[in-house]
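Asker: Structure below; questions to follow.
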Amino acid sequence: MDVDESLDEAILLGLQDDTFVTEEQRQEAEAERRRKQRQQRLLQLQAAEEASSPPNKEEPSNHGSIPVREPLNHFAEKEDDMKQNGEDEDDEFDMFSSSVSPVGHSDKSGDKNSSNTHSRGDHNHQEDWDDAEGYYKAVIGETISVLDDSIRLRVAGVVGKGVFSTVIQCSTISNTSSTSLPPIVALKCIRHNETMAKAAMNELQTLQKLKGSPGIVPLLLPTTLTPLEHRGHVLLIFTYMEYNLRDVLQKFGKGVGLSLPAVRSYFGQLLAAATHLQKHGIIHADIKPDNILVSSDFSVVQLADFGSAIHVNSPEQSQVTPYLVSRFYRAPEIVLGLTPTFAIDLWSIAVSVAELFLGDVVFRGRSNNEMLYEFMQHLGPFSNRVIRQHLVQCQKFPDVVQQFQASEGAYYVFLQQTVDAVSGNAVHKRLSLQPTTEEQKFPLATPLKQRLLKAKSANDSKKIVFQFADLLQKCLALDSSKRIPLKEALRHEFFQK
Ligand SMILES: Nc1ncnc2c1ncn2[C@@H]1O[C@H](COP(=O)(O)OP(=O)(O)OP(=O)(O)O)[C@@H](O)[C@H]1O
């Protein structure tokens with residue numbers, strides 16, 4: 001991880017150079033870097049665990065009519081593609097209007113499965129079942145049986161692929177087990193790899209703790225901590241959810257965002273889900289639109305993907321990882337190398353819902369350093385207290401890149417890393433954080449409120465947009481200890497009708 005992380009800033013700076021790559025290649029490189037970083041983190045966990053333990057220690061059939069989703073794992077950073085992929089006839093559908101008819105799912109045709117599922121060799125070797133990276137090669141129509149054949153599922157198509165797994169939509173074809181299953185389920189098939197399997201155990205434990213909590217995608221099986229297995233892959237079976245928020249934004253946002261009533265409903269549900277996480281001492285640590293699932297009628301949202309979850313007061317919480325959480329949804333304290341708390345999830349929720357309203361990523365930094373610049377542009381400078389904490393962490397942890405420096409007087413300077421537009425060379429600038437006037441707290445500041453007001457549609461009342469902006473700003477306090485408590489956020493006037 002040390003190598004990956006110390007290279008990160010350099011790589012990303014390199015990626016800003018026009019001669020280096022296209023935007024798409026940059027995104028791919030970034031996705032690859034994240035994958036490596038995550039694997040590295042898992043290996044570290046595995047090594048720590050080992051060090052602390054004693055030494056002895058069927059035939060395809062036609063299911064093209066079932067709507068399935070394309071893989072979505074890189075959408076988080078493909079917002080430009082997202083805007084270009086405008087929808088047609090469904091675009092006029094307003095999910096919160098009572099006058100509209102139910103939406104069809106033309107963008108989820110079975111045809112799209114062909115790129116996500118595979119044909120298989122006849123040799124019954126592991127490579128017939130797995131691809132080179134250990135992902136399960138699902139075949140449409142094949143039967144997967146679990147719990148000594150008491151449950152049989154038929155593969156309908158792949159709906160998602162992440163760092164850890166392939167998520168497959170399945171129909172339940174027979175079930176004589178004691179757990180009742182709905183006709184359609186989501187099967188999360190973990191990659192065939194010991195480290196991934198261990199990480200899946202973290203997800204399983206977390207989901208067992210959260211069982212029955214509203215706003216969390218229900219884990220149907222296993223019902224205990226004994227993992228289910230199929231051809232060397234750990235399996236988790238969930239309630240199937242038709243969409244995620246990235247899909248919804250793509251479908252209805254038209255690059256201009258969702259309606260304020262929709263955003264309000266999702267925001268309230270996510271804050272309520274976060275209170276359940278807090279109650280159980282769990283930090284999700286990867287909240288983003290892709291990991292927020294949406295019901296087929298668009299009314300309910302649920303958090304998914306607990307593969308990165310951190311249990312409060314566990315050794316994992318004190319691990320400093322400035323690359324935790326996908327970058328656009330990453331809280332400033334993570335970038336600054338401070339210990340992650342529940343407040344990082346509140347940040348990610350606020351950034352995700354602001355994106356739903358704006359139809360655009362809120363803080364679009366290409367590196368941690370650019371993220372800090374974006375934060376200060378929108379929200380003003382960091383307090384001296386937070387910067388001092390950051391500088392202490394820089395001394396303690398070599399992974400934490402120093403982003404600020406003391407200067408004359410009581411102020412700090414921001415060490416901005418940019419690329420010279422003409423020469424393409426890396427340029428380091430020292431930006432003063434000293435406020436010039438009360439209003440202009442940071443050079444070039446564009447307050448978030450202004451951006452939200454600009455995005456407001458004719459149907460949105462200015463008063464409610466102001467309330468939304470006020471709540472967002474309280475959720476996005478740069479100092480995590482100053483972020484609004486969840487209970488207070490849920491009582492905010494934005495939610496009073
Ligand atoms: N219950 C579900 N119903 C429908 N789709 C789902 C469900 N769970 C997950 N998905 C889809 O599959 C995608 C990948 O799932 P998930 O994020 O859990 O996998 P992962 O391998 O842990 O990914 P990551 O790389 O984000 O860690 C999600 O973004 C979502 O679109």
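Asker: Can you find a residue that is of a type outside the set (A, V, I, L, M, F, W, C) and part of a helix (DSSP H, G or I) anywhere in the stretch 223-239?
Answerer: Restricting attention to the stretch 223-239, the residues satisfying the condition of being of a type outside the set (A, V, I, L, M, F, W, C) are 223-224, 226-227, 229-233, 239.
From the residues that got through so far, the ones that are part of a helix (DSSP H, G or I) too are none.
No, that holds for no residue.
Asker: Of these, VAL422, VAL401, VAL386, VAL392, which one is at pLDDT 85 or above and open to solvent by less than 30 Å² (accessible area, probe 1.4 Å)?
Answerer: On the way: VAL422 fails: open to solvent by less than 30 Å² (accessible area, probe 1.4 Å); VAL401 fails: open to solvent by less than 30 Å² (accessible area, probe 1.4 Å); VAL392 fails: open to solvent by less than 30 Å² (accessible area, probe 1.4 Å).
The unique qualifying residue is VAL386.
Asker: Just to be sure, is ALA156 of a type outside the set (Lys, Arg), over 14 Å from GLY307 (Cα atoms) and within 12 Å of the ligand (Cβ to nearest atom)?
Answerer: Working: of a type outside the set (Lys, Arg): yes; over 14 Å from GLY307 (Cα atoms): yes; within 12 Å of the ligand (Cβ to nearest atom): yes.
Yes, satisfied.
Asker: From the list PRO218, PRO222, PRO227, which one is farther than 27 Å from VAL361 by Cβ, open to solvent by less than 10 Å² (accessible area, probe 1.4 Å) and in contact with a strand residue (DSSP E or B) (Cβ under 6 Å, 6 or more places away or on another chain)? Steps first, answer last, please.
Answerer: Details: PRO218 fails: open to solvent by less than 10 Å² (accessible area, probe 1.4 Å); PRO227 fails: open to solvent by less than 10 Å² (accessible area, probe 1.4 Å).
Going through PRO218, PRO222, PRO227 in turn, just one is farther than 27 Å from VAL361 by Cβ, open to solvent by less than 10 Å² (accessible area, probe 1.4 Å) and in contact with a strand residue (DSSP E or B) (Cβ under 6 Å, 6 or more places away or on another chain): PRO222.
Asker: Could you list all residues from the stretch 298-342 that are touching a strand residue (DSSP E or B) at 6+ places or on another chain (Cβ under 6 Å) and closer than 24 Å to LEU249 by Cα?
Answerer: Within the stretch 298-342, VAL301, GLN302, LEU303, ALA304 qualify.
Asker: Report whether or not SER314 is open to solvent by 10 Å² or more (accessible area, probe 1.4 Å), away from the ligand (no atom under 16 Å from the Cβ), among the polar types (S, T, N, Q) and closer than 23 Å to SER213 by Cα. Let's see the steps before the verdict.
Answerer: Working: open to solvent by 10 Å² or more (accessible area, probe 1.4 Å): yes; away from the ligand (no atom under 16 Å from the Cβ): yes; among the polar types (S, T, N, Q): yes; closer than 23 Å to SER213 by Cα: yes.
The answer is yes for SER314.
Asker: Of everything in the stretch 276-305 that's closer than 15 Å to SER348 by Cβ and part of a helix (DSSP H, G or I), which residue is most open to solvent (accessible area, probe 1.4 Å)?
Answerer: Ranking the candidates gives GLN278 first.
Asker: Does PRO218 meet the test of being in contact with a His (Cβ under 8 Å, 6 or more places away or on another chain) and farther than 24 Å from ILE140 by Cα? Before you say what the answer is, go through the steps one by one.
Answerer: Values: in contact with a His (Cβ under 8 Å, 6 or more places away or on another chain): no; farther than 24 Å from ILE140 by Cα: yes.
In short, no.
Asker: Can you tell me which condition SER265 does not meet? The list is (1) near the ligand (Cβ under 10 Å from one of its atoms); (2) in a helix (DSSP H, G or I), and all the others hold.
Answerer: Among (1) near the ligand (Cβ under 10 Å from one of its atoms); (2) in a helix (DSSP H, G or I), SER265 violates only (1).
Asker: From LEU210, LEU219, LEU228, LEU245, grab the single residue that is of a type in the set (A, V, I, L, M), more than 12 Å from the ligand (Cβ to nearest atom) and closer than 30 Å to ALA262 by Cβ. Give the derivation first.
Answerer: Details: LEU219 fails: more than 12 Å from the ligand (Cβ to nearest atom); LEU228 fails: closer than 30 Å to ALA262 by Cβ; LEU245 fails: more than 12 Å from the ligand (Cβ to nearest atom).
Just one listed residue meets the conditions, LEU210.
Residues checked against (1) under 28 Å from the mean Cα position of the chain (by Cα); (2) of a type in the set (A, V, I, L, M):
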position	(1), (2)
LEU346	yes, yes
ILE349	yes, yes
ARG366	yes, no
ASN384	no, no
GLN389	yes, no
GLU408	no, no
PHE414	yes, no
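Asker: Still on this structure, I have one more. Any residue at all in the stretch 161-172 that's of a type in the set (D, E, K, R) and open to solvent by 20 Å² or more (accessible area, probe 1.4 Å)? Steps first, please.
Answerer: Quick first cut of the stretch 161-172, residues of a type in the set (D, E, K, R) only: 161.
Next, only the ones that are open to solvent by 20 Å² or more (accessible area, probe 1.4 Å) stay: 161.
For the stretch 161-172, residues of a type in the set (D, E, K, R) and open to solvent by 20 Å² or more (accessible area, probe 1.4 Å): present.
Asker: Can you tell me which condition VAL163 does not meet? The list is (1) in contact with a strand residue (DSSP E or B) (Cβ under 7 Å, 6 or more places away or on another chain); (2) within 12 Å of the ligand (Cβ to nearest atom); (3) not in a helix (DSSP H, G or I), and all the others hold.
Answerer: (1)
Asker: Does at least one position in the stretch 362-376 carry a residue that is within 16 Å of the ligand (Cβ to nearest atom), among the small types (Gly, Ala, Ser) and at negative phi?
Answerer: Initial filter on the stretch 362-376 (within 16 Å of the ligand (Cβ to nearest atom)): none.
Taking every residue of the stretch 362-376 in turn, none turns out to be within 16 Å of the ligand (Cβ to nearest atom), among the small types (Gly, Ala, Ser) and at negative phi.
Asker: Return the residues of the stretch 456-486 that are closer than 19 Å to PHE328 by Cα and either assigned to a helix (DSSP H, G or I) or not assigned by the TED database to the domain that holds PRO340 (or both); say none if nothing qualifies. Break it down stepwise before answering.
Answerer: First pass over the stretch 456-486, keeping only residues closer than 19 Å to PHE328 by Cα: 469, 472-480, 483.
The answer is ALA469, LEU472, GLN473, LYS474, CYS475, SER480.
Asker: Of the conditions (1) within 15 Å of the ligand (Cβ to nearest atom); (2) outside any helix (DSSP H, G or I), GLU203 fails just one. Which one is it?
Answerer: Only one criterion in (1) within 15 Å of the ligand (Cβ to nearest atom); (2) outside any helix (DSSP H, G or I) is unmet by GLU203, namely (2).
Asker: (1) modelled with pLDDT under 95; (2) open to solvent by less than 50 Å² (accessible area, probe 1.4 Å); (3) more than 12 Å from the ligand (Cβ to nearest atom); (4) within 29 Å of the chain's Cα centre (by Cα): which one isn't true of LEU181, the others all being true?
Answerer: Status for LEU181: all satisfied but (1).
Asker: Another question, if that's okay. Could you tell me which numbered condition GLN250 fails, if it satisfies all but one of (1) assigned to a loop (DSSP other than H, G, I, E, B); (2) within 16 Å of the ligand (Cβ to nearest atom)?
Answerer: (1)
The values are calculated or read from the model by the stated rules, or taken from the named source; none is laboratory data. What you see is a predicted model; the values in this text were computed from it and never measured. All Cβ positions, glycine included, derive from the backbone under ideal geometry; neighbour counts span all protein chains shown. These area figures cover heavy atoms from the full protein model, side chains too; ligands, DNA and RNA do not enter into them. Shrake-Rupley method; radii C 1.70, N 1.55, O 1.52, S 1.80 Å.
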